[in-house]
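Any read-out appearing in this document is the output of simple, stated calculations on the displayed coordinates, not a laboratory observation. Computed from a prediction, not measured in an experiment: that's the story for all the values here. FYI the Cβ positions are ideal-geometry reconstructions off the backbone, even for glycines, and counts take in every protein chain you see.
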Amino acid sequence: MRILAASLHELAKILHAPQIEADLLPVYKTCLTCNDEIRERVYEHVDVIISRVRPEVGWDLFEDLARAWKDGSLGGWRAREQLALHLPKMLELFRDSKKGERVLDVLRDALLDPFAAVRDGVTKGVSSFEDNPFAMLMIRFLMPMQYWATNHLWPYASETCCSTSAAPPSTAAV
């Protein structure tokens with residue numbers, strides 16, 4: 001099952017959306033009911049699967065993942081880290097204001113995760129927002145100021161979406 005879970009995204013690349021929805025999604029959903037190791041392998045490339053189905057089906061798949069994150073059934077920190085790495089792609093896929101807000105909710109949860117690897121997974125994706133100042137601005141307001149200051153991300157965010165005169169907050173006051 002591990003090999004199948006790790007290769008679902010490759011199958012999704014060569015199949016058309018109706019084929020993926022009819023033949024691949026049942027296997028995908030079965031893999032998500034398996035142990036953490038299997039789920040983590042699916043999450044490694046979940047963005048490919050979601051991007052290759054019809055938008056409404058992709059949104060349902062994302063909503064399922066978001067609900068699983070909220071209720072704690074997504075998996076351990078490694079599973080959350082894998083999904084966190086793909087949140088920028090999800091924001092690209094679901095630009096609609098309501099859907100984008102939902103993705104940003106999950107992004108905020110990832111930024112506030114108790115495990116550093118999950119938080120770092122999200123910050124790795126922040127650099128992919130370089131051409132999207134609106135997304136950077138939204139992320140900046142979602143992150144606690146202490147996080148920006150301690151992870152040296154403030155200069156990047158302020159250069160991207162604010163005037164160059166913006167200064168980082170004092171870490172003592174936060």
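Descriptive notes on the structure:
- If R0 is taken as 30 Å, the Cβ-Cβ distance between residue 120 and residue 4 corresponds to a FRET efficiency of 0.55.
- Within the stretch 44-90, the proportion of C-alpha pairs whose separation exceeds 15 Å stands at 40%.
- Burial ranking of peptide ranges 24-33, 44-53, 106-115 (average Cβ count within 10 Å, highest at the top): 44-53, 106-115, 24-33
- Burial ordering of 90, 1, fewest other beta-carbon atoms within 10 Å first: 1, 90
- Shown for 67, 102: other C-beta atoms within 10 Å of each C-beta, ranked fewest to most, produce the order 67, 102.
- With 5 Å bins beginning at zero, the pair-distance distribution over Cα atoms of the stretch 13-93 amounts to 3, 16, 28, 28, 18, 7, 1 %.
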